[in-house]
Amino acid sequence: MSEPSSWPLPSSGLRYLAPKFILDHLSENPLTRECYPTALGYYPSAKGHSMRRASHDDYLLLYCDSGAGHLSAGAFDGGIGRGDVLILPPGLAHQYSADGDAPWTIYWCHFRGALADVFFQHVGLNSETSVLKGIADPALQSSFKSLLSIARTGYGKTAFVHAANQLRQILTLLARLRKRRERVQKNFDYEVVHTYMLDNIDLPLTLETLASVCNLSKYHFARKYKELTGYAPLQHFTHLKVEHACFLLDSSELSIGEISFQLGFEDPLYFSRTFKKVTGLSPTTYRQSAHR
């Protein structure tokens, strides 16, 4: 079995490895032998988490619930963010790590089985394309939580049979979510909208303005945007403003009022409330903590 990371586990985290007698049972049971988990876990705000493998024995499924990280595997070398899913096939050299400033929260599962390759292909991935971007969905998070509930059942064989079928459900759900995302993308260019947001980060953009970039009504635009990203458009735009505010607080001596003005906020108090709502810290506290 591929060795999971030795990242120090907080009390709210989880790392669960199936013992050999369970793996033997799963590999022989006709209800599970086609695809079954060998290890699984949940790493919240995983600061300092990283892994590097020249090779591995199982498939690795990882879902980023929040935060960010970086992955190098096959033809992919780039960032991993909220709603991104990666499935790494056996034998693929890879390296991944949590972002230093906004470490990811991840659900993960190692799996194998006679039909593991078929499930991997059904999701729509291969050894060169191992990442699904922007597959944020409440049903997916709920399914991972259900999968992890096995950790509360001890080593009962029936619990692992249930977990194996829960894993199959996750993999088939990913295939359906990928298809849905592709349908949305046919009539919606997210990168154009995202670039427009960044280019106009200093403006108080409206939903109507953003929708016009895609030649859609604001109602259709808002629906497609949320289907694709998991965020409402203006909510995401606000988060981008706050991300840029963090950069300015870290890298400049601009006052809070000046940063507020540069980001299109007419009222510095409203900016401060918005910043705290997103980050949990006031701009002043964030700057002080960043400069310690």
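Quick notes
- For region 260-275, a residue qualifies if it is hydrophobic (A, V, I, L, M, F, W, C), under 29 Å from the mean Cα position of the chain (by Cα) and either assigned to a helix (DSSP H, G or I) or modelled with pLDDT under 90 (or both), and the qualifying residues are F271, F275.
- Residue check, S217 without any contact (Cβ under 8 Å) to a residue 24 or more places away in the chain, among the polar types (S, T, N, Q) and either crowded, with 16+ Cβ neighbours inside 10 Å or out of contact with any helix residue (DSSP H, G or I) (no Cβ under 7 Å at 6 or more places or on another chain) (or both): no
- Subset of region 1-43 (residues that are in a strand (DSSP E or B), of a type in the set (A, V, I, L, M, F, W, C) and surrounded by fewer than 19 Cβ atoms within 10 Å (Cβ to Cβ)): L14, L17
- For region 179-208, a residue qualifies if it is part of a helix (DSSP H, G or I), modelled with pLDDT under 85 and within 22 Å of the chain's Cα centre (by Cα), and the qualifying residues are K179, R180, R181, E182, R183, V184, Q185, Y190, E191, V192.
- Residue match in region 243-259 (condition: touching a Cys at 6+ places or on another chain (Cβ under 7 Å) and part of a helix (DSSP H, G or I)): no
- Residue that is nearest to T32 (Cα to Cα), among those in region 150-186 that are touching a residue at least 12 places away in the same chain (Cβ under 8 Å) and touching a His at 6+ places or on another chain (Cβ under 9 Å): V161
- Odd one out for V193 among (1) out of contact with any Lys or Arg (no Cβ under 6 Å at 6 or more places or on another chain); (2) surrounded by 13 or more Cβ atoms within 10 Å (Cβ to Cβ); (3) under 20 Å from C64 (Cα atoms); (4) in contact (Cβ under 8 Å) with a residue 40 or more places away in the chain: (3)
- For I135, the test of being under 15 Å from K179 (Cβ atoms), surrounded by 20 or more Cβ atoms within 10 Å (Cβ to Cβ) and touching a residue at least 40 places away in the same chain (Cβ under 8 Å) is passed.
- Test: residue in region 166-173 that is part of a helix (DSSP H, G or I), touching a strand residue (DSSP E or B) at 6+ places or on another chain (Cβ under 7 Å) and surrounded by 14 or more Cβ atoms within 10 Å (Cβ to Cβ): yes
- Among residues of region 102-127 being in a loop (DSSP other than H, G, I, E, B) and in contact with a strand residue (DSSP E or B) (Cβ under 8 Å, 6 or more places away or on another chain), the one that is farthest from L249 (Cα to Cα) is G113.
- The set of residues from region 49-95 being farther than 17 Å from S5 by Cα and touching a Pro at 6+ places or on another chain (Cβ under 8 Å) comprises G67, A68.
The values are calculated or read from the model by the stated rules, or taken from the named source; none is laboratory data. In this text the structure is predicted, and so the values were computed from the model without any measurement. Because the Cβ atoms are built from the backbone with ideal geometry, glycine has one as well, and the counts that use them run over all protein chains shown.
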